[in-house]
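The values are calculated or read from the model by the stated rules, or taken from the named source; none is laboratory data. In this text the structure is predicted, and so the values were computed from the model without any measurement. Note: ideal-geometry Cβ built from the backbone for every residue, glycine included; neighbour counts use all protein chains shown. Accessible surface is based on the protein model in full, side chains and every heavy atom, while ligands, DNA and RNA are left aside. Shrake-Rupley method; radii C 1.70, N 1.55, O 1.52, S 1.80 Å.
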Amino acid sequence: MSKNVSFQNRDRFISLGLTIATLRKLQGLSQEALADKANISRSNLSAIEAPNIVRAFSLEALYNIADALNIRAGDLLNQAADLEEKKPK
């Protein structure tokens, strides 16, 4: 899978990462704990959550993260989309 993210989707990946970080923190999970539950590396999760790094990731990772956060993947994407819409243009 290509790790390059088109400029068009850059903000979407950032919003999704910020949403994941927020939900993780609300649940009192460290990056290491969430990464372990989602079966991904902590460094991968860190890159997903970092707003200054835009990293594409697989649907499998998305589903694993959503399951670990006890949220449906679609709801996770919707929350990220809501966050993106609220950003000042």
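For the chain, the per residue solvent-accessible surface stands at 64 Å², with DNA, RNA and ligands left out and a 1.4 Å probe. Relative to the longest principal axis of the Cα atoms of the chain, the long axis of helix 73-86 lies at roughly 40 degrees.
Using a cut-off of 15 Å between beta-carbons, work out the net charge of the residues near L76 (Lys and Arg +1, Asp and Glu -1, L76 not included). If you can, show how the numbers build up before the last one.
Details: positive: R12, R24, K25, K37, R72; negative: E49, E60, D67, D75, D82, E84.
Once all neighbours under 15 Å are counted, the net charge is -1.
What order, most packed first, do the peptides 70-77, 42-49 have when packing is the mean number of other Cβ atoms within 10 Å of each residue?
Values: 70-77: 13.6, 42-49: 18.0.
Top of the packing list down: 42-49, 70-77.
Counting only C-alpha contacts under 8 Å and six or more residues apart, can you give the relative contact order of the chain as a whole percent? Each step should come with its number before you reach the end.
Numbers: 94 pairs, mean separation 34.9, N = 89.
Relative CO of the chain lands at 39 percent.
Heavy-atom surface analysis with a 1.4 Å probe gives the chain a carbon and sulfur content of 49 percent of its accessible area.
Pair-distance distribution P(r) for the chain, from all Cα-Cα distances in 5 Å bins starting at 0: 3, 15, 27, 29, 18, 7, 2, 0 percent.
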